[in-house]
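Participant: I am attaching a structure below and will ask some questions about it afterwards.
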Amino acid sequence: MTAAPLSHDSYAEQLTEQLDLTETRRLTEDELPRLGEELDAIRQRVLADLGETDAAYIRKVVKWQRTFEVVGRALFYLPPAWPLAVASLSVSKILDNMEIGHNVMHGQYDWMGDPGLSSRMYEWDNVCPSEQWKYSHNYLHHTFTNILGKDRDIGYGILRMDEDQPWRPYYLGNPVYAFLLMVLFEWGVAVHDLEVDNIISGQRSMADNKPLYPGLLRKIRRQAVKDYLLFPALTGPLFPLTFVGNATANLIRNIWAFNIIFCGHFPAGVETFSQEECENESRGHWYYRQVLGSANISGGKLFHIMSGNLSHQIEHHLFPDLPAKRYPEIAPEVRDICERYGISYNTGPLRKQLASVAKKICRLALPDKD
């Protein structure tokens, strides 16, 4: 009897279990250029193939996102349907932030020439201004992924998420800080560029942030008025229910985004790098660093859509400007390349990656063992 072929996700999970994710083969100076060429070939092939199918997909997602928002806000006029209203609005906000906003602002759909899907013009449903987010995320994080002292997304200036971050008594609160960041995630993203930790340590002054304040305050005011004044007021005597419903939808979106992002960056096996080893970095080494500094989350098609395909975080870090809908298509090829070069391809179901992240957060709250 012939066994059924393994799915992409099942195969990847078995491969991950076979590999020791704390150790990965170091590539030679001869192998790094070849790795870069193979991955560049994938990117160029996808770019050459972009067309109406990709455009139709993102427009369909935008249509569904707007439909969920309209349905959700309409259902707030029916108090018994309050849970459905919250659920619908939550889905809308998740789609807006994950599959639309994040990916559009990476320039994944700039080739369409559609102003509504332009990375230069898109503004998402989040208190963080898109321009500030694109600097801290698109530039700092994606350029210096997991380089200690350069990538501020390692711990976000709040958490200890790597053994090479020196322990301080402050980090005993690691689990508490992580929980607060999860429920207030959009606000954490909004103040990320302010580098509050560096202001406290004296490495940055309040005056350095002066250019950021107008855009940040304008965006916070816009979001607050929309979610906590305008739409609740439109429901008249149901104002309190709508207010709480909007806050709940934002909370659900925050928790979901936090978990997807942390599972893509901080589970066991994800590596960090020193600034010294990344000096004069080649294209091949940059690709190598992106694979080792990321992790995937296995799941079905709907799960991938709701995660903005950041469940394919490895492919996203390799090719941040390719439409995310293409990541499941190229993932088996990327995995095969990693296997041939002996590079760990870190993947697993959400429950496994979440447990790994939670364990790391708690473990790194404590002093290192001698």
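Participant: Looking for whichever is surrounded by 15 or more Cβ atoms within 10 Å (Cβ to Cβ), without any contact (Cβ under 8 Å) to a residue 40 or more places away in the chain, among the acidic types (Asp, Glu) and at negative phi here; the options are ASP193, ASP227, ASP208. Which one fits?
Facilitator: ASP227
Participant: Tell me which helices (runs of 4 or more DSSP H) are completely within the stretch 159-276 and hold 1 or more residues being closer than 30 Å to LEU364 by Cα, or say none if there are none.
Facilitator: 174-183, 185-191, 196-201, 239-265
Participant: Determine whether ASP125 is buried (at least 16 other Cβ atoms within 10 Å of the Cβ), at pLDDT 95 or above and closer than 22 Å to ALA257 by Cα.
Facilitator: Answer is yes for this residue.
Participant: Checking the conditions here, which among LYS369, LYS359, LYS325 is free of Cβ contacts under 8 Å to residues at least 24 places away in the same chain, over 17 Å from VAL291 (Cα atoms) and not acidic (Asp, Glu)?
Facilitator: LYS369
Participant: Okay, next question. Take the residues in the stretch 75-90 that are within 27 Å of the chain's Cα centre (by Cα) and touching a residue at least 60 places away in the same chain (Cβ under 8 Å); name whichever of them is farthest from LEU241 (Cα to Cα).
Facilitator: This residue is SER90.
Participant: Let me ask something additional. Are any residues in the stretch 256-301 crowded, with 21+ Cβ neighbours inside 10 Å, in contact with a Gly (Cβ under 7 Å, 6 or more places away or on another chain) and among the charged types (D, E, K, R), and if so, which ones?
Facilitator: none
The values are calculated or read from the model by the stated rules, or taken from the named source; none is laboratory data. From a predicted model like this one, the values you see are computed outputs, not experimental measurements. Note that we place each Cβ from the backbone using ideal geometry, even for glycine, and neighbour counts take in every protein chain shown.
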